[in-house]
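Enquirer: Pasting in a structure now, in structure tokens, and then I'll have a few things to ask.
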Amino acid sequence: MASAARQSDERSTKSSLILAAAYELFLAQGFDAVSTDLIAKTAGVSKATLYAHFSSKEALFSEILLGQCAEFSSHVHFPETYDGDLAGTLRRFALDFIAIFDSERGIALYRLIIGEVHRFPEIALAFEAAGPSDTNRRLVQLLQRIAEHGDLKIDDF
């Protein structure tokens, strides 16, 4: 049992190293300029280990983009209940949302995605679903709670 847990931890650690190295390289150099050899070398793993964790550079790229999208989205505050503070609630949302695009990493990720949309339309669609569409859905729910409270009148959410 302990051996299986240790192997799982080691696998998770190696995956994390690979993901972190690939993410930094993709942001700095773009998808085309980064080879799996460079990712493996930067992560401190063998190329065989990289492929044991990720079937292709494209699969690695996809996992990074979707993971980062979820990470950025998690920083946008959507209260479960509305406390009657309209200005404060909307300000918190706006500041959280703006912060995503106000960071160098946020802009770099956005540029990376835009630069590869033509090659990976399925990744762009998945990114849209996990990021902008999810944020929009959550914002509509918040606005519905505010409207139900009577602080806003919205005919079309």
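Enquirer: Output the residue which, of all residues in region 80-103 that are closer than 12 Å to residue 149 by Cβ and either hydrophobic (A, V, I, L, M, F, W, C) or in contact (Cβ under 8 Å) with a residue 24 or more places away in the chain (or both), is surrounded by the fewest Cβ atoms within 10 Å (Cβ to Cβ).
Expert: This residue is 81.
Enquirer: Quick one: in region 25-50, of everything that is crowded, with 17+ Cβ neighbours inside 10 Å and assigned to a helix (DSSP H, G or I), which residue is farthest from the chain's Cα centre (by Cα)?
Expert: Only one residue fits best here, namely 49.
Enquirer: Could you figure out which of (1) surrounded by 15 or more Cβ atoms within 10 Å (Cβ to Cβ); (2) out of contact with any helix residue (DSSP H, G or I) (no Cβ under 6 Å at 6 or more places or on another chain) isn't true of residue 129?
Expert: It fails just one condition, (1).
Enquirer: Need pairs with beta-carbon distance below 8 Å; first residue closer than 13 Å to residue 64 by Cβ and within region 12-39, second at pLDDT below 95 and of a type in the set (Val, Ile, Thr); sequence gap 6+ or separate chains.
Expert: Pairs found: 19/64; 22/64; 23/64; 26/64.
Enquirer: Since residue 138 meets every condition but one in (1) more than 16 Å from residue 62 (Cα to Cα); (2) without any contact (Cβ under 8 Å) to a residue 24 or more places away in the chain, which condition does it not meet?
Expert: The number of the failed condition is (2).
Enquirer: Among the residues that make up region 121-132, is at least one of them of a type in the set (Asp, Glu), part of a loop (DSSP other than H, G, I, E, B), within 17 Å of the chain's Cα centre (by Cα) and modelled with pLDDT under 90? Can you show your working first?
Expert: To start, the set of residues in region 121-132 that are of a type in the set (Asp, Glu) comprises 122, 128.
Applying the additional criterion that residues be part of a loop (DSSP other than H, G, I, E, B) yields none.
No, every residue in region 121-132 fails to be of a type in the set (Asp, Glu), part of a loop (DSSP other than H, G, I, E, B), within 17 Å of the chain's Cα centre (by Cα) and modelled with pLDDT under 90.
Enquirer: Taking into account only those residues within region 55-78 that are open to solvent by less than 30 Å² (accessible area, probe 1.4 Å) and more than 20 Å from residue 112 (Cα to Cα), which is nearest to the chain's Cα centre (by Cα)?
Expert: 76
The values are calculated or read from the model by the stated rules, or taken from the named source; none is laboratory data. Quick caveat, the model's predicted, so the values are computed rather than measured. Cβ atoms come from the backbone with ideal geometry, glycine included; neighbour counts cover every protein chain shown. For the accessible areas, the whole protein counts, side chains as well, though only heavy atoms, and no ligand, DNA or RNA atoms are used. Shrake-Rupley method; radii C 1.70, N 1.55, O 1.52, S 1.80 Å.
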